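So the structure is just underneath, and the comments pick up after that.
The values are calculated or read from the model by the stated rules, or taken from the named source; none is laboratory data. Computed from a prediction, not measured in an experiment: that's the story for all the values here. Positions of Cβ are backbone-derived with ideal geometry, glycine not excepted, and every protein chain shown enters the neighbour counts.
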Amino acid sequence: MWLHTGLIRLRSSPAPRLQGMKYVLNITALDDNASGGPQSLSTVAQVIVGVDDVNNNKPVFEKCVEYKEKASVLENKPAGTFVLQVHAVDADEGANGKVAYGFMHKDSTVPAFSIDPETGVIITAVKFDRERQREYAVTVTATDQAADPLIGICQLNILILDENDNSPKFENFRYECEQ
Ligand SMILES: [Ca+2]
Ligand SMILES: [Ca+2]
Ligand SMILES: [Ca+2]
C-alpha cells in the first residue's frame, strides 16, 4: 500500500502466492493532524479484492500408473461392460479446474471403448475376442473447461483377458490306426 496515494498493489518481491477467490483488507486512514487538533483522526475501511484465476494448471491423472496395472477386461463380455474409472485433478478454480474426460483417437479406428466425460468411467464399446487381439492402446485425456484449455493424458494398454472358449482341435481330421 502506498502511504500517501492510497494505491494498493501486489507485493512484487517475493511475489505472493494467492489462494482462494477473495481477500478482505482492513485499511486504516489516518490524517496528518495538520490543523493542530488534539490528535490525529482515523477511519477504517474494508476493501475486498477478488482474485481472478489464471488457467496455469493442467489436469493430472495422479494414479495413471495404477490404471495401467489394472486396465483389463474379460473377452466375450457384451458392449457396455465396466473396465475402469479414471480421475484427474486440476488445481485451478471454477471452469479452469473443471475436467472433462475423453479419448485421443486415430481418426480411422473404430473405438473399442467409450468414456463418460463427467465420471471418467470407461466401458467397452464392442465384444472382444482375445484370440484376435490381446490388448488395446488407449490414450485417456482430461481437458479443463477454460477458454484456452489445458489437457492432461494417461496412456493405457487395456488387456483382454482369456476365457476358455476354444475347444481343443485335432490337427488331422482323420487318424489311421496301424495294425
Ligand atoms: Ca486448469
Ligand atoms: Ca490458476
Ligand atoms: Ca476367444
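Assorted remarks:
- For the criterion of being of a type outside the set (S, T, N, Q), within 23 Å of GLY120 (Cβ to Cβ) and crowded, with 18+ Cβ neighbours inside 10 Å, LEU74 fails.
- Here is the figure for segment 144-165: residues that are assigned to a loop (DSSP other than H, G, I, E, B), surrounded by 10 or more Cβ atoms within 10 Å (Cβ to Cβ) and away from ligand 2 (no atom under 16 Å from the Cβ) total 3.
- From PHE103, PHE61, PHE113, residue being farther than 22 Å from PHE128 by Cβ and of a type in the set (Phe, Trp, Tyr): PHE61
- Tabulated pairs, segment 53-67, first part of a loop (DSSP other than H, G, I, E, B), second among the polar types (S, T, N, Q), C-beta under 6 angstrom, 6+ apart or interchain: ASP53/ASN96; ASN55/ASN96
- Restricting attention to segment 43-59 and to residues that are modelled with pLDDT of 85 or more and among the β-branched types (Val, Ile, Thr), the residue that is farthest from ligand 3 (Cβ to nearest atom) turns out to be THR43.
- Of all residues in segment 8-52, exactly one satisfies the criterion of being assigned to a strand (DSSP E or B), of a type in the set (Gly, Ala, Ser) and touching a residue at least 24 places away in the same chain (Cβ under 8 Å), namely GLY50.
- The lone exception for VAL83 - which of (1) surrounded by fewer than 18 Cβ atoms within 10 Å (Cβ to Cβ); (2) at pLDDT 95 or above; (3) under 15 Å from LEU161 (Cβ atoms) it fails: (1)
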